[in-house]
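Report on one structure; see the data block that follows.
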Amino acid sequence: MPSVRFLTFIVLLGLGSASSAQPRLWRDTGGRTLTGSYLTSNDEHAFLKLKSGKISEIPLGLLSNKDLEFVRAKRATLSAQGIRYEAPLVWTNFRSKKFTSSQVEKLGYYPLESDDGEGTLTLKFRRYGPPPDPKARIALRIHTAGNRGSRTSSPIRVYLSNTLVGSINGANANDQIDIPLNASVLSQGENIDLTVRCGTDAVFLRAKGTGQGPRLIVLR
């Protein structure tokens, strides 16, 4: 049976496909178990998605040594990428008259272009736990596709509720790019809907299924 202490921290929340991680058996310091998929963690809690779709928030101090090492390994992987915290991506919506969702899935990238709204990408992220320090460095990390060595001068702009919260001028193809965002992005609520738009030159952003999809992160 699941631990009573585990169940104390369950948040009633349905998120759809919040994580592609495989479920695993978690054990607390008393030997009781809970099955869930790892979503993310901060300095105090790990967040798991249960089969029911609910989210369980587990204090790290309650985890068995084996599970604590699992969480630490996940955090070490992020740290090696310069990341202190990541808000999981739970939903995407790509809009284009020229490019279908099936083409995105097949080719592995979103072609963004045109300030008039053609070729836009909406990303829903979920923040778990309290908002980060107001001075934290927040970024939208993207990977671009295209011919290596080529570059577009098109700006890439990021909006939150129609308010511009970050931008860069131009991008190299086949590159990792961190777009700095206003620190308020992760403090205005647990659900964060970001819209990415570009100028008239096309920019190709790698899709989630490639393993290099957009990520909302707090940098070290």
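The values are calculated or read from the model by the stated rules, or taken from the named source; none is laboratory data. These figures come from a predicted structure and were not determined experimentally. Methodologically, a virtual Cβ is constructed for each residue, glycine included, from the backbone with ideal geometry; neighbour enumeration extends over all protein chains shown. Just the protein is used for accessible areas: all its heavy atoms, side chains included, with ligands, DNA and RNA removed. Shrake-Rupley method; radii C 1.70, N 1.55, O 1.52, S 1.80 Å.
So, of the residues in region 101-121 that are polar (S, T, N, Q) and not in a helix (DSSP H, G or I), which turns out to be nearest to the chain's Cα centre (by Cα)?
Top of the filtered list is Thr120.
Among the listed residues Ser52, Ser101, Ser114, which satisfies the condition of being at pLDDT below 95, closer than 22 Å to Tyr159 by Cβ and open to solvent by 50 Å² or more (accessible area, probe 1.4 Å)?
Answer to the selection: Ser101.
Tell me, which residue of region 64-88 that is in a loop (DSSP other than H, G, I, E, B) and free of Cβ contacts under 8 Å to residues at least 60 places away in the same chain is least open to solvent (accessible area, probe 1.4 Å)?
Ser64
Collect the residues in region 176-215 that are buried (at least 21 other Cβ atoms within 10 Å of the Cβ), touching a Lys or Arg at 6+ places or on another chain (Cβ under 8 Å) and more than 19 Å from Pro88 (Cβ to Cβ), keeping them in residue-number order.
Arg197, Cys198
Just to be sure before I move on: is Pro111 closer than 16 Å to Gln188 by Cα and either out of contact with any Ser or Thr (no Cβ under 6 Å at 6 or more places or on another chain) or in contact (Cβ under 8 Å) with a residue 24 or more places away in the chain (or both) in the structure I sent?
Criteria not met by Pro111.
Here is a check on your reading of the model: is Ser153 open to solvent by 10 Å² or more (accessible area, probe 1.4 Å), out of contact with any Pro (no Cβ under 6 Å at 6 or more places or on another chain), of a type in the set (Ser, Thr, Tyr) and not in a strand (DSSP E or B)?
no
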